[in-house]
Amino acid sequence: MTPQDQIGHRGEALFAVMVTRQCEGRAWFFEVMLGEKYPTVDFHVDLLKPSIEKAYCFVQVKATNQGYLGTGVTRKLNVKITKSDVLKLRKVPAPTYIVGIDTTKPMGQGFIMAIDRSVTKGINGLPTKYPFDCRALKKLWAEVDDYWKARNMLMAKSVFSI
């Protein structure tokens, strides 16, 4: 295992702990690591107790021990997401996010960024505007829950209909 593989493995393990932590007396998510067979996304993340039957999102984890770029409001975690990965994430028919993990902290420090319509280029440094903490977990849960509530996922007609 290369040092880069070790950093990535640690980042994924830290993400799994962060996303399943208890906040306000409950867990908000259940994560499933997808592994190398899914190179664009690392985790399928299910909401616990969603408003509808099933709600989920996908997360790509980027881990580093290389610190930060910039200071203050321009501070970014020193990770890169290629334009190719951004374009692949945009094609996923569900909410997708990047979570950057600073592996130099004993329990890691995470930051989250949505891959939405506004993200069209590669990312050179993940903004630290949204720490991946309990506040972010609750907001993420609400955002993903709202996304799935707004969709009518029942098939209108099928070749197998009566």
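Reported to the nearest whole Å, the Cα centre-to-centre distance from the stretch 9-26 to the stretch 52-97 is 16.
Between Met107 and Asn152, the contour length at 0.36 nm per residue exceeds the alpha carbon distance by 12.2 nm. The packing ranking of peptides 112-118, 140-146, 56-62, highest mean first, is 56-62, 140-146, 112-118, where packing means the average number of other beta carbon atoms within 10 angstrom of each residue. For the chain, the list of Cys residues with no other Cys C-beta under 4.7 Å reads Cys57. Per-residue packing, averaged as other Cβ atoms within 10 Å, sorts the ranges 122-128, 103-109, 40-46 into the order 40-46, 122-128, 103-109, beginning with the highest. Other residues lying with their Cβ under 13 Å from the Cβ of Gly67 contribute a combined charge of +2, Lys and Arg counting +1, Asp and Glu -1.
Taking Lys and Arg as +1 and Asp and Glu as -1, the other residues whose beta-carbon sits under 12 Å from that of Cys23 total +3. Lys/Arg Cβ at +1, Asp/Glu Cβ at -1, dipole of the stretch 3-149 taken about the Cα centre: which of Tyr38, Ser51, Val73 is farthest positive-ward? Result: Val73, furthest along the dipole toward the positive end.
Rg ratio for the stretch 3-149: its Cα radius of gyration over 2.2 N^0.38 Å, N being its residue count, equals 0.99.
Only the coordinates and a few stated rules stand behind these numbers; no lab work does. Bear in mind the structure is a predicted one, so any value in this text is a computation, not a measurement. Cβ: placed from backbone, ideal geometry, glycine included. Neighbour counts: every protein chain shown.
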